[in-house]
Structure formats: C-alpha cells, structure tokens
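The next block holds one structure in the form of structure tokens; read it before the comments.
Throughout, read-outs are computed from the coordinates displayed, never taken from laboratory work. Not measured: the values here are computed from a predicted model. Positions of Cβ are backbone-derived with ideal geometry, glycine not excepted, and every protein chain shown enters the neighbour counts.
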C-alpha cells in the first residue's frame, strides 16, 4: 500500500472534510431521499434521482478520503532543513526570460493550490525541482507545449 505524503495541515483539512461528509452531508442526503420518496412514482421523480446521485458522490468521496487519510505519511516541514529541494520546501525561483521572482511550497497532491503558491509534488515543475539546489536551473515544458527555464534562488523550510 503506497503512502500519500502530506503536511499536517493537509491531513487535518482532509479529516475535516471527511467529518463534514459523515456527520452533516450524509444524514442530510438520507433525509432528502426519504422526502423525495414520498412524492410518488420513483421512475419519474427528478428530486429522488438527484438525491441518489448526490448520495453516490458523497459515499464515493467518503471512501476516497478514508483511504487517503489511512495511507497518509505526514511530513513535519518544521523539522526539515538543508539546501536541497524536497517535499515541504518553499522554493524561490526566477524566470530566466522575464526575471520575475516567485516562491512555491511543494506539498501533497490534495493540498495543491496554485493561487496559494502550493505546488503538488507530482506537478511537472515540482518534479523538475526535486533534488536541485540554489543556483541550479530547471527546464519545464509548459501546458501549451513551450519551455520555461527557472533558476533556483532560495530553498527554505517554514
């Protein structure tokens, strides 16, 4: 069984979502299905079919979250240090073309949020950065098929 790397905050968010689904969403959808059943013929009851579809989604998500939290390998970023880019590192990069600076933290797949500057460890940029040190240059293929080059300016663990 393969472990799923994540930060403690990421695991807590998954557990919160799982708790919400089990204690709030699941009971509410069961109630909605019971209510829709009282409206007559189930074969033509749109409310019933929508509620059953929502129930299916909720149950699937509960199974998925249970699996991920059970396989979670929590990595305490505050205990990490060094100059090499690895999971949990916040990496400051400079675009070789525009000299634009940006910083990203490398996190687990379920924690990724580009708007919050958190890259999934499985993303092309994060995979290119793993193992690099300050001064190294990485070449990444963009989604549009082009190529971008970045220089690693800083590696830190916060």
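Rounded to the nearest 10 degrees, the angle from helix 8-20 to the longest Cα principal axis of the chain is 10 degrees. Here's the picture: a label point sits 7 Å out from the Cα of residue 84 along the beta-carbon direction, and within region 112-142 the residues with their amide nitrogen under 13 Å of it are 130-134.
Per-residue extension of 0.36 nm, minus the Cα-Cα distance of residue 67 and residue 139, leaves a gain of 22.5 nm for this segment. The reciprocal of the average 1/r between distinct C-alpha atoms defines the Kirkwood hydrodynamic radius, which for region 77-156 equals 12.6 Å.
On a full-extension model of 0.36 nm per residue, what is the gain between residue 53 and residue 153, subtracting their alpha-carbon distance, rounded to one decimal in nm? Write out the running numbers ahead of the final one.
Details: separation 100, 0.36 × 100 = 36.00 nm, distance 4.87 nm.
Gain on extension, residue 53 to residue 153, equals 31.1 nm.
What angle do you read, to the nearest 10 degrees and between 0 and 90, between the alpha-carbon axis of helix 26-37 and the longest principal axis of the chain? It works out to around 40 degrees.
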